[in-house]
Amino acid sequence: MAMQQEFNKSGRFNEFKLTPLTLVEACGIFDCGIPEYNDYLLKDSFRSMNDHIAFTWLLTERSTDKVAAYMALIMDSIKLSFTEKELHNLKYPFKTIPAMKIAKLAVDSNFSEKFKGIGTFMIESAQRLAWACNSAYCAARFLTVDADIEHDTGVLAFYKKNGFIPNAELNNKNRKTISMRKDIYA
């Protein structure tokens, strides 16, 4: 697979491979410490792919085929205020801008202890997939995520460290998530 080869050229995480989830794969044991995220991979990811709701990518260890991390990607659009559009130098009359959303991102607890940076690698991989989409299929200016502050209070700092900023248009103090974006061309 071309995408897999591109990631290996980077020299990072050579002991892993990033591949699309297929129905023939058995996910085996996966535990990121959040039951909802474990259940998604083990129970809902196949159905989401079959229903064309989310496309799941697995990061598996080459030597064991164990799933170290996964991400589910979907298409998205975000509303930006006038000030936010100016920040990204977007001089377009429409309010919504196309994006690719990281709908789920989880790293198995055993792997996160052993290998630092897997979550960041997954975000970089999502960005590469968005660039590939932009080159051949459809446009996405941003990566978006709803940072799940209900299950992990450190997730906001993680996404900020990886270049995401909160979306002012969707800032609501009563939410369990914080809508964030990353300009993949900044």
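The values are calculated or read from the model by the stated rules, or taken from the named source; none is laboratory data. Here the structure is a predicted model, which means the values were calculated and not measured. Glycine gets a Cβ as well: all are built from the backbone with ideal geometry, and neighbour counts include every protein chain shown. In case anyone asks, the SASA skips ligands and DNA or RNA and just uses the protein heavy atoms, side chains included. Shrake-Rupley method; radii C 1.70, N 1.55, O 1.52, S 1.80 Å.
Here are a few things to note about the model shown:
- Pair ILE149, ALA132: separation of 7 Å Cα→Cβ label points (nm): 3.4
- Each Lys and Arg contributes +1 and each Asp and Glu -1, all at the Cβ; summed about the Cα centre of the chain, the dipole is approximately 640 debye.
- Using the 1.4 Å probe convention, the accessible area of the chain works out to 55 Å² per residue with neighbouring protein chains retained.
- Label sites at PHE46 and LYS79, each approximated as a point 7 angstrom past Cα along Cα to Cβ, lie 3.9 nm apart.
- Hits among lysines - C-alpha to C-alpha of LYS85 under 24 Å, sequence gap 8 or more where chains match: LYS95, LYS101, LYS160, LYS161, LYS173, LYS182
- Taking all Cα pairs closer than 8 Å and separated by 6 or more residues, the relative contact order of the chain comes to 17 percent.
- Which of LYS101, LYS160, LYS91, LYS43 is most accessible, then next, and so on - probe 1.4 Å: LYS91, LYS43, LYS160, LYS101
- Principal-axis analysis of the Cα atoms of the chain puts helix 118-136 at an angle of about 60° to the longest axis.
- Multiplying each eigenvalue of the alpha-carbon gyration tensor of the chain by 5 and taking the square root yields semi-axes of 27, 19, 16 Å, largest first, rounded to whole angstroms.
- Computed helical MRE - 222 nm, the chain, DSSP H runs ≥ 4 contributing -39500 (n - 2.57), nearest 500: -8500 deg cm²/dmol
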